[in-house]
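Have a look at the structure below, then the notes.
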Amino acid sequence: MADSLLITGASQLLTLRGRGPRRGDALSKLDIVEDGALLVRDGVIAAAGPRGQVEALPGARGLEKLDLEGRVALPGFVDSHTHLVHAASRAEEYELKIQGASYEEIARKGGGILNSVKKLRAATAEELKKRAHAALQQFAAHGTTTIEAKSGYGLDVASELKILKLHKELAAEHSLEIISTFLGAHVLPDEFRKKTDGAKRYIQLLEENLLPTVAEHKLAEFCDVFCDRGAFSVAESKRILQAGREWGLAPRMHAEQLSRTGATRLAILLRAASCDHLEQVNKSDIRALGKSETVATLLPGCDFHLGLKKYAPARALIDAGAIVALATDYNPGTSPTLSMPMILSLACAQLRMTPAEAVAAATINAAYALQREKQVGSLEVGKQADIAVFEVADYREIPYYFGVNHCWMTVKRGRVIHAAKESRN
Ligand code: NIG
Ligand code: FE
């Protein structure tokens, strides 16, 4: 039967069974089955447990068999923050940053996000699609099975719609799951900076033109705002996210990345699905996140790429009881990586998260940040058979071997979407 198979021989099967989302001590409970097996029927997990038990099930008879020969299997990574569609790298800015220019200095001179906007507006949908397809293949090759994708490099009606329509097309053409977010409020586009009341007029454009179109054509599920110094204020963000909600888009935010603005408080107030970055949060923000349902999504790839020393206070957030998730923030300006294993390495070395905490943050909690915790993020009966297999015998070796991709196989809804060319050496 298509999309049905019996997977055996996992040295460790990380099921992450149990109720999500994970907070505090529960974040490190992976529910590992040694010599584990999975029964997949029609793309859905029918059984997960010790090999002997699963193999003995009547439903296991006659199924195609896949022996993992002692490799580690875990839920496919859920990358809950990416800027998938963009036209080109910004390697020229990378060099400037290394030589001492800050991210904000570059942005003030028309570089940064506006640089990517210029490039995206000039690119055809076909060019953008080709680049995004190649990226999707790489996501899959690193064990990711679900991603969120944001617009935000268009910043005019035609270009924002161009990106959002691509999300839909790419989702239909590629086996990776893509959850679309409207980020029309990334920064104020150049043409509005020159106008009096530019911000007000751009927000009006979002409210009166873009949001209704996005909602009418079901082009996004979430509405995001970059609420920070040099982007949108807390008051502006509130207005945009409330308008988004009226059009049926759930709020999420870029918060406290460059400066502390109070964005986290707003995210909590609006019951946002997630607030992301959080390098600059203060103690009271941490306490508030500990009591809220809004996920604290950490993006250590940004600080690493920008060469910054101040990472988000992951330990304090976990201790406060916040729902901590991890994502790549794949984008050309601050985090040009699509490797979740690399993010796990950074989470361990820089955020001082344990390997177990990092795995849960990158799977079940990230699924919760995308309101998909019932479908993905753990290997449990009834959930999608989204599985990442790594060429290691102990899951801690996934972050341990940094900078090298040990993903051996990726399965989405029971179908193999990536298989490593070379086998074990
Ligand atoms: O998540 N902070 C805002 N947005 C992106 C950066 C985008 C860019 O520099 O192109 C981020 O870091
Ligand atoms: Fe981002």
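The values are calculated or read from the model by the stated rules, or taken from the named source; none is laboratory data. These figures come from a predicted structure and were not determined experimentally. Quick reminder, even Gly has a Cβ in these numbers, built from the backbone with ideal geometry, and neighbours come from all protein chains shown.
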- Condition test on Ser378, is it among the hydroxyl-bearing types (Ser, Thr, Tyr), in contact (Cβ under 8 Å) with a residue 24 or more places away in the chain and closer than 22 Å to Ala47 by Cβ? yes
- Query: Here is a list of conditions, (1) under 28 Å from Gly111 (Cβ atoms); (2) part of a helix (DSSP H, G or I), and Gln242 meets all of them except one; can you say which number that is?
  - Reply: (1)
- Taking helices (runs of 4 or more DSSP H) that fall entirely within segment 74-184, which contain at least 3 residues that are of a type in the set (Asp, Glu)? 91-98, 157-173
- Query: Taking segment 80-112 as the region of interest, how many residues are away from ligand 1 (no atom under 13 Å from the Cβ) and either buried (at least 23 other Cβ atoms within 10 Å of the Cβ) or assigned by TED's automatic domain parsing to the domain that holds Glu34 (or both)?
  - Reply: 0
- Of all strands (runs of 3 or more DSSP E) fully inside segment 250-359, the set with 1 or more residues that are touching a Gly at 6+ places or on another chain (Cβ under 8 Å) and not polar (S, T, N, Q) is 250-255
- Query: When both residues are 6+ apart or on different chains and their Cβ atoms are under 8 Å apart, which pairs have a first residue that lies in segment 218-243 and is closer than 11 Å to Ala185 by Cβ, and a second that is basic (Lys, Arg) and buried (at least 23 other Cβ atoms within 10 Å of the Cβ)?
  - Reply: Cys223/Arg252; Asp224/Lys150; Asp224/Arg252
- Residues of segment 206-221 being surrounded by fewer than 21 Cβ atoms within 10 Å (Cβ to Cβ) and either within 16 Å of ligand 2 (Cβ to nearest atom) or not assigned by TED's automatic domain parsing to the domain that holds Leu338 (or both), in sequence order, are none
- Please work out if Val359 is among the β-branched types (Val, Ile, Thr), touching a strand residue (DSSP E or B) at 6+ places or on another chain (Cβ under 9 Å), within 16 Å of ligand 1 (Cβ to nearest atom) and in the same structural domain as Thr146 (by TED's automatic domain parsing). no
- Message: Of all residues being aliphatic (A, V, I, L, M) and surrounded by fewer than 22 Cβ atoms within 10 Å (Cβ to Cβ) in segment 6-42, which is farthest from Tyr368 (Cα to Cα)? Just the residue, please.
- Response: Ile32
- Item | Tally, over segment 167-205, of residues that are surrounded by fewer than 23 Cβ atoms within 10 Å (Cβ to Cβ) and either away from ligand 2 (no atom under 16 Å from the Cβ) or not assigned by TED's automatic domain parsing to the domain that holds Arg245 (or both) | 26
- Task: Please enumerate the residues belonging to segment 244-282 that are within 13 Å of Thr181 (Cα to Cα) and of a type in the set (D, E, K, R).
- Result: Arg245, Arg252
- Task: Search segment 350-367 for residues that are among the charged types (D, E, K, R) and pair each with any residue that is assigned to a helix (DSSP H, G or I) when their beta-carbon atoms are under 8 Å apart and the residues are at least 6 apart or on different chains.
- Result: Arg352/Ala314; Arg352/Arg315; Glu357/Leu27; Glu357/Ser28; Glu357/Ile318; Glu357/Ala347
- Item | Single residue of Ala73, Ala158 found to be of a type outside the set (Phe, Trp, Tyr) and surrounded by fewer than 19 Cβ atoms within 10 Å (Cβ to Cβ) | Ala158
- In segment 145-160, which residues are within 16 Å of ligand 2 (Cβ to nearest atom) and at negative phi? Ile147, Glu148, Ala149, Lys150, Ser151, Tyr153, Gly154, Glu160
